[in-house]
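Nothing in this text is a laboratory measurement; each read-out follows from the coordinates by a stated rule. Note that the structure is a prediction, hence the values are computed from the model and not measured. Backbone-built Cβ (ideal geometry, glycine too); neighbour counts: all protein chains shown.
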């Protein structure tokens with residue numbers, strides 16, 4: 001018999017399988033269209049009767065993943081496997097009522113169960129809950145929530161008009177919904193862990209620094225993303241002007257909001273093509289050229305009062321327990337999937353920004369010859385493509401994670417813990433690349449897992465999935481994932497792999513090399 005729960009908005013009927021109750025497509029805010037287009041999220045309208053919550057809710061409007069090419073190159077052959085895996089996920093169609101979430105619970109009649117809220121990645125351009133099944137968390141005594149939020153221009157258009165970072169405000173609205181309603185599902189609003197990967201983890205880095213997110217969660221897990229990926233307001237304002245130019249309308253919120261969704265998505269895609277074709281630093285700004293993400297959080301002075309890593313170092317988020325980590329070969333995924341790995345040369349590495357269509361070392365702030373020499377010394381047998389992958393992994397993921405751990409461990413309130421991990425299991429033919437840890441965290445590591453299955457090879461290690469998933473569950477429940485806290489003396493890091501073990505200060509040479517580089 002399916003269970004009915006009563007929320008503030010009305011009653012929901014979910015479905016039950018293997019002792020886990022799921023409630024899908026639950027609205028946490030009003031549809032962000034019509035009068036709400038390109039504006040902060042508004043409360044969802046209550047409903048009468050019992051609302052069916054057995055199918056995924058609509059997704060936010062978003063630009064389709066390209067059939068060829070990755071985010072680093074814009075072209076090529078092996079990307080097909082990745083884009084096909086994404087296309088094969090059974091997803092809900094985009095539509096107006098897209099600010100919704102999914103809940104899995106072991107027992108709606110329970111009390112004080114720990115709560116985990118997942119914020120998925122997608123380059124701040126994609127947002128889909130379809131690939132994330134929270135049932136194993138519910139099986140293990142956790143109420144798991146997965147949320148949609150507005151990506152792209154819908155979520156991160158900046159016009160210097162007092163409105164900014166709508167995608168982050170959506171996440172705040174979802175967390176407020178959790179505070180108000182999660183007890184109806186057996187959860188404890190006083191024990192909420194946010195966890196996320198890539199742009200989802202970067203979002204959590206923002207939430208740690210946001211005054212509006214204070215006291216909405218107690219713990220945070222950041223997987224391959226930290227608190228650095230932001231666009232200065234001046235750069236974001238210029239990008240909005242470029243978008244308005246593509247649309248042929250004034251650069252005002254009302255004018256752009258009046259444009260249909262498909263026209264806005266087409267203009268957004270064309271703007272991204274411009275960035276890939278001509279990554280001029282003066283036109284786009286260093287943060288956007290290096291990240292190739294024109295729609296990312298903006299330091300607007302209000303929602304994000306300052307650079308998040310600086311605010312965390314000054315004590316923001318200091319009462320929150322934090323796990324932060326990366327994958328050993330994080331950014332190698334894009335170079336392999338796009339086919340670019342074998343085409344990178346020393347000339348590209350030391351040339352101008354995005355020389356010959358590929359990112360050069362100059363984009364990342366290190367002097368190119370110095371960086372090439374340092375990484376060659378560390379990886380003497382590595383070809384140029386592997387050296388670029390190592391630099392990109394450090395710039396995107398590893399150094400921001402270390403800096404976040406350092407800042408939080410130094411400024412955290414008494415009793416708040418900081419923990420560091422590195423995921424080291426190498427997927428056959430790929431390595432320990434970006435996102436490959438996600439199915440291990442969700443304990444869904446299998447070759448037919450939605451989206452992630454093609455990354456895992458023929459025999460992903462189930463014991464690693466059990467142990468990593470158990471660590472996340474333990475952290476959500478108690479604040480202790482099962483390994484020592486991180487501090488600036490030992491820098492204890494749990495390395496998850498074929499043999500999982502704690503190592504001390506595993507990346508000293510990278511820390512020294514990148515010191516002072518933003």
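Numerical summary
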item	result
Rh by Kirkwood over Cα pairs, then Stokes-Einstein D for the range 362-462 at 0.890 mPa s and 25 °C, µm²/s	152 µm²/s
Potential extension, residue 512-residue 42 segment - 0.36 nm per residue separation minus Cα distance	164.6 nm
Label-reachable residues, the range 117-148, where backbone N falls under 18 Å from a point 7 Å from residue 269's Cα toward its Cβ	123-128
Percent RCO, i.e. relative contact order, over the chain, from Cα pairs under 8 Å lying at least 6 residues apart	14 percent
Peptide ranges 32-43, 501-512 listed from the most packed, as the mean C-beta count within 10 angstrom indicates	32-43, 501-512
C-alpha center-to-center spacing [the range 482-518, the range 154-220] in angstrom	28 Å
Relative packing of peptides 473-479, 98-104 - highest average C-beta neighbours within 10 Å first	98-104, 473-479
Dmax and Rg, reported as Rg then Dmax, of the range 135-224 (C-alpha, Å)	13.8, 46
Estimated 222 nm signal from helices in the chain, with DSSP H stretches of n ≥ 4 weighted -39500 (n - 2.57), rounded to 500	-9500 deg cm²/dmol
Ratio of the Cα radius of gyration of the range 244-291 to 2.2 N^0.38 Å, where N counts its residues	1.27
Square roots of five times the Cα gyration tensor eigenvalues for the range 158-288, Å	33, 18, 13
Residue 4 paired with residue 410, simple spin-label distance in nm, labels 7 Å along Cα-to-beta-carbon	5.6 nm
Segment residue 503-residue 314, extension gain: residue separation times 0.36 nm, minus the distance between their alpha carbons	65.3 nm
